[in-house]
Amino acid sequence: MPRVWDVPVHDSTRVRDARVAAEEAAALVGLDESRTAAAALVATELATNLIKHAHGGQLLVDTVAPPSGRGGLVVQIVAVDHGPGMADVRAALGDGFSTAGSLGAGLGTCRRVADDFDLHSVPGRGTVALARVGAAAKADARETVAARAGGVNIPFAGAQRSGDAWTWVRAGDRLTLMLADGLGHGPEASRASTAAVDELHRSAHLPCAEVLRRLDRALRGTRGAAVAVAQVDTGAGRLWFAGIGNVGARLREGDSWRHLLSRPGIVGVHRPTTLRETEVPWAADRLLVLHSDGLPSRWVPPSDPGLPACDPAVTAAVIVRDASSSARPVRDDTAVAVLSPTQPDRP
Ligand SMILES: [Mn+2]
């Protein structure tokens, strides 16, 4: 079941909570002593940065499928803040750079020990920093792939488990991304979305509509879920999409965004008799966002031209951060998963 550690970091006493969360996540995915220490170090550095440079923020620790779609679960650590941001992200990533105190040194350390590290920062809006730590040595974890997926999952009201779940599976040129929102929230919602993740790993070789039929069977006996499934064939340059229930899906095509529509129903409880797949071209300027209804439906797609090149989980975290406000409190678990083309020319 999706276990997420949502650690509010507003004073130095919470740095320890961040480290403990990373250690617990590392134990959950079976990291050895040295990779566990790396995850703990990254969580400590990012949490410390939140206090020193952003007047606090949120640290999300999660276990996720790696963006390459290969290998087992890894520990993902995302720091989100509404702080002053940084004008020059690349300079901040170089060791020794610092705007105040040890910012540069801390981020340089994170980048060195993590398998993936990425940062998105806009002056006046805030910073999202992301690191993943898995079992593999860093050199082995790097691999050029034509598309990658990532996301964030934030349980309602700081709960330990989310009723939402997302995952993705790669098989040759075919990538299948799924987001499931178990009805309601809490353990029973989590049971339904976890059943969807398990079934996807058995069914990802099938077309989207058939995947949904299999999921419908697998979720019988649970309270059911809203599910969206997207498949990209990077060789053929095609994207297929099908969904049942209230999972949002938006596709960026160049400068415009379009909604991909799901059918009404509840997977595992009430499946529509006909399921049509949407088929559209997939190209280097595309970006797909799947999200549960914890994200306000009127969220505005990111206009920052640098964002699509970011790690997909960074894009997901920025979308959640910029959609939330104290005027619209979140009332449900929130998961956002992003599928993006690889940017081969990114330094
Ligand atoms: Mn929901």
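The values are calculated or read from the model by the stated rules, or taken from the named source; none is laboratory data. Given the structure is predicted, the values throughout are model-derived calculations rather than measurements. Using ideal geometry, Cβ is built from the backbone for each residue, glycine included, and neighbour counts are taken over all protein chains shown.
Worth pointing out:
- Any hit, segment 298-316, residues being touching a residue at least 40 places away in the same chain (Cβ under 8 Å) and of a type in the set (V, I, T): yes
- Test result for S121, in contact with a Gly (Cβ under 6 Å, 6 or more places away or on another chain) and modelled with pLDDT of 90 or more: yes
- Test for V61: is it among the β-branched types (V, I, T), farther than 27 Å from D198 by Cα and in the same structural domain as L130 (by TED's automatic domain parsing): no
- Where strands (runs of 3 or more DSSP E) fall wholly inside segment 180-265, the ranges with 3 or more residues that are within 16 Å of the ligand (Cβ to nearest atom), under 24 Å from P155 (Cα atoms) and within 19 Å of the chain's Cα centre (by Cα) are 225-233.
- Scanning segment 214-242 for residues that are out of contact with any Lys or Arg (no Cβ under 7 Å at 6 or more places or on another chain) and not hydrophobic (A, V, I, L, M, F, W, C) yields R214, R217, R220, G221, R223, G224, T234, G235, G237, R238.
- The residue list S262, S340 contains one member that is closer than 19 Å to R213 by Cα, surrounded by 18 or more Cβ atoms within 10 Å (Cβ to Cβ) and of a type in the set (S, T, Y), which is S262.
- Qualifying residue in segment 284-291 (condition: touching a strand residue (DSSP E or B) at 6+ places or on another chain (Cβ under 8 Å), within 16 Å of the ligand (Cβ to nearest atom), assigned to a strand (DSSP E or B) and not aliphatic (A, V, I, L, M)): yes
- Whichever residue in segment 158-179 is among the charged types (D, E, K, R) and within 15 Å of the ligand (Cβ to nearest atom) and, among such residues, is surrounded by the most Cβ atoms within 10 Å (Cβ to Cβ): D164
- Members of segment 299-329 that are within 16 Å of the ligand (Cβ to nearest atom) and modelled with pLDDT under 80: R328, P329
- Among the criteria (1) at pLDDT below 85; (2) surrounded by 24 or more Cβ atoms within 10 Å (Cβ to Cβ), the one G294 does not fulfil is (1).
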